[in-house]
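Here is the structure we will look at, set down as structure tokens.
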């Protein structure tokens, strides 16, 4: 997985995957005996407030001989989590991007899962039941923008000052993005799968 970029370029780079040491947990450069599982970096263990697990490639200019220091773990059980950040924000729904967005269309889009072939063929009865339950109890939120609601009311005062604008009296830049139908179906499936499987 280590290699040079295009030789025709003036500035050449070597590509290194970051790997996580089993002993120290630090991130360092690739070594020949590194197990493949070490390539997946758990970002939450390094100060990122989301459980994103990624393979990370780093390009280093070939004329530089210095090797960066390993990145130390920065996990703190009391750190601010993603839920801490967003839990005080007004609740908004996602938007549909290809169809005309409206509250009714959004609800119909989600419920159209029940007509999809993959749902009918789904063998996991617990998961199927969970998806049906969520769709049955679906509470459709009309708004897609935070300015239609009250300000951020979370427990972190620093975040409150960051999110809110005292002149606008609401949470700034809190707006949902549009999604294609299949993406909304995937998100609902993933959420229900996580609920069933822990």
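FYI, it's all coordinate maths here, none of it is from the lab. Small disclaimer: the values here were computed from a predicted structure and weren't measured. Quick reminder, even Gly has a Cβ in these numbers, built from the backbone with ideal geometry, and neighbours come from all protein chains shown.
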Fill in the blank from the handout: With the 8 Å Cα cutoff and a minimum separation of six or more residues, the stretch 83-197 has a relative contact order in percent of 41 percent
Completion exercise
So, with points 7 Å from each Cα along the Cβ direction, the residue 128-residue 101 label distance in nm works out to 3.4 nm
Handout entry: Relative packing of peptides 135-144, 79-88 - highest average C-beta neighbours within 10 Å first
Key = 79-88, 135-144
Fill in the blank from the handout: With label points set 7 Å from each Cα along the Cα-to-Cβ direction at residue 138 and residue 14, the distance between them in nm comes to 5.3 nm
Exercise for the section: Rounded to whole Å and ordered largest first, report the semi-axes of the equivalent ellipsoid of the stretch 58-198 derived from its Cα gyration tensor (root of 5λ). Expected result: 34, 26, 17
Problem - Difference of contour (0.36 nm per residue) and Cα-Cα distance, residue 43 to residue 120 - result: 24.1 nm
Handout entry: Estimated distance in nm for a label pair at residue 91 and residue 168, the labels positioned 7 Å out from Cα along Cα-to-Cβ
Key = 2.3 nm
